[in-house]
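Encoded as structure tokens, the structure appears first; notes follow it.
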């Protein structure tokens, strides 16, 4: 591998821009991924033929990284000096490999229609974690309003741990237009709702809307739902983290689906 030691190197400069700028990611339609699991998940779904691998001097001896390098599928592979690699990675304990790759175009792989609609989620870690949860619970697509964090930022990608590579993600959507084209049950959550998530039939096409970390769903957004539910809680806890609330709702749909199939 060619050894990169200069901050003027084009690959180093591009990786640094992609790590820190949503505008650059949108302009180039590229992402920078950090870590063995993310790079491996991307390679499994899309291959690395158009990707550039950047490996730290410390990471070059890692067996998993060596296996990725030996596959020979990446377009370019470079060894980075420690101080350069530290400028690219945004994790406290980096594993020693990052990759520059094209933003994937994911196609729906299931005839089921289970949509997640996210309105104003601003924390990239929360966003990525919620996408990961939704994918694990069988969601088939995700729709993000323009107020959401960038799903392709390094933090969002780490939170998703590969969810963005299997779940079609639609960005900067208009919720009203999206839901006008949806023929199914639309679920919104509110602590003032009289029915719980466990009272609602979640079979068939379902869209679940989740709001920002602080304010939840605004009134105009909540009015788009044809089923408004609450999540029962014990004690005096006022609310749940949005990712936890989404997990409860999404897996309730999975529970109902499993129960229906078992009949």
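Here, each number is a calculation from the coordinates, and none is a lab measurement. In this text the structure is predicted, and so the values were computed from the model without any measurement. In this analysis, Cβ positions are derived from the backbone assuming ideal geometry, glycine residues included, and neighbour counts consider all displayed protein chains.
Key figures for this structure:
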{"quantity": "Segment 225-246 versus segment 131-184: alpha-carbon centroid distance in Å", "calculated": "20 Å"}
{"quantity": "Ordering of 234-246, 89-101, 144-156 by packing [mean C-beta count within 10 Å, highest first]", "calculated": "144-156, 89-101, 234-246"}
{"quantity": "The chain - mean residue ellipticity at 222 nm from DSSP helices (-39,500 (n - 2.57) per run, n ≥ 4, rounded to 500)", "calculated": "-10500 deg cm²/dmol"}
{"quantity": "Calculated SAXS-style log₁₀ I(q)/I(0) at q = 0.14 Å⁻¹ - the chain, Debye, Cα scatterers", "calculated": "-0.93"}
{"quantity": "Cα gyration tensor category, rounded, prolate or oblate, for segment 12-163 with a/c compared to 1.5", "calculated": "prolate"}
{"quantity": "Cα convex hull volume per residue for segment 74-162 (Å³)", "calculated": "123 Å³"}
{"quantity": "Debye intensity ratio in log₁₀ form over the Cα atoms of segment 177-263, taken at each q of 0.21, 0.24, 0.25, 0.26 Å⁻¹", "calculated": "-1.06, -1.32, -1.41, -1.48"}
{"quantity": "Rg(Cα) / (2.2 N^0.38 Å) computed for segment 148-195, rounded to two decimals", "calculated": "1.52"}
{"quantity": "Relative contact order (%) - criterion: Cα under 8 Å, at least six apart; region: the chain", "calculated": "19 percent"}
{"quantity": "Radius of gyration and Dmax over the Cα atoms of segment 7-79, both given in Å", "calculated": "12.4, 35"}
{"quantity": "Kirkwood Rh, angstrom, segment 114-262 [1 / mean 1/r, Cα pairs]", "calculated": "15.2 Å"}
{"quantity": "Within a Gaussian network of the chain (alpha carbon springs, distance under 10 Å), most fluctuating of 30, 181, 195", "calculated": "181"}
{"quantity": "With Cα atoms, 0 to 90° folded angle of helix 10-20 axis to the chain main axis", "calculated": "20 degrees"}
{"quantity": "Size descriptor, Kirkwood hydrodynamic radius, that averages inverse alpha-carbon separations across segment 141-228, Å", "calculated": "14.4 Å"}
